[in-house]
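Please treat every number below as a calculation from the coordinates, not as lab data. All values reported here derive from a predicted model rather than from experimental measurement. Using ideal geometry, Cβ is built from the backbone for each residue, glycine included, and neighbour counts are taken over all protein chains shown.
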Amino acid sequence: MPTPDLDAEALYQRLAQQVKAGLASAVNPAIVGIFSGGAWLAERLAAELQLTDRLGFIDVSFYRDDYAERGLHAKVQPSQIPFDVNDASILLVDDVLYTGRTTRAAVNELFDYGRPARIMLAALVDRGGRELPIAADFVAESIELTEDQELVLLRDAAGKFSLTVGHA
């Protein structure tokens, strides 16, 4: 299967337009990014939407159902949700939506902080391969990759995004 040509900055702009329209009528909006790529996207979205005071970050490492198999990765970050999630309309942001297990873990962790009124999901890329019934409300691009491929979002020192396809 050929490697898709993905312009991460163009995809971000497409995602940002969708999110802006989708959050326009949201009551008590907040943004939570999943470390690490989703956190980068959430930071930029929060700045554009003037929601930096309603920005949080989640690391789902301890909430994954495959924790015993995968173990703990070296870049564990503390989750930071500095606002009340009760009755909030939360935009959960991830870079790549794949099996749905990361999203499920993030939702579980969010409920440890309170009960949101609504949780919406934004993903830069949906690569298919879902194992759980999870779908993004906002997605910039859907692609197909083989199981042995992985899609990784990178951010350079200037904050510019790029995507690479490698082998898992």
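General observations
- Within the chain, longest stretch free of exposed GluC sites (Glu not before Pro) [DSSP loop, at most 13 other beta carbons within 10 Å]: 1-130
- Segment ALA168-LEU154, extension gain: residue separation times 0.36 nm, minus the distance between their alpha carbons: 3.4 nm
- Derived scalar couplings between HN and Hα for segment 122-132 equal 10, 9, 5, 9, 9, 9, x, x, 5, 10, 10 Hz in order, rounded to whole Hz, by the Karplus curve 6.51 cos²θ - 1.76 cosθ + 1.60 (θ = phi - 60°), x for Gly and Pro.
- The 3J(HN,Hα) values that the Karplus relation (6.51, -1.76, 1.60; θ = phi - 60°) gives for segment 138-152 are, in residue order, 10, 8, 7, 7, 10, 9, 10, 10, 6, 4, 8, 9, 9, 10, 10 Hz. Gly and Pro appear as x.
- Summary: within the chain, the longest segment free of trypsin sites (Lys or Arg not before Pro) located in DSSP loops with at most 13 other C-beta atoms within 10 Å is 76-159.
- Counted residue by residue at 0.36 nm each, then reduced by the alpha carbon distance between them, the extension gain from ARG14 to ASN86 reaches 23.0 nm.
- Cα gyration tensor shape for the chain, rounded if a/c is under 1.5, else prolate or oblate: oblate
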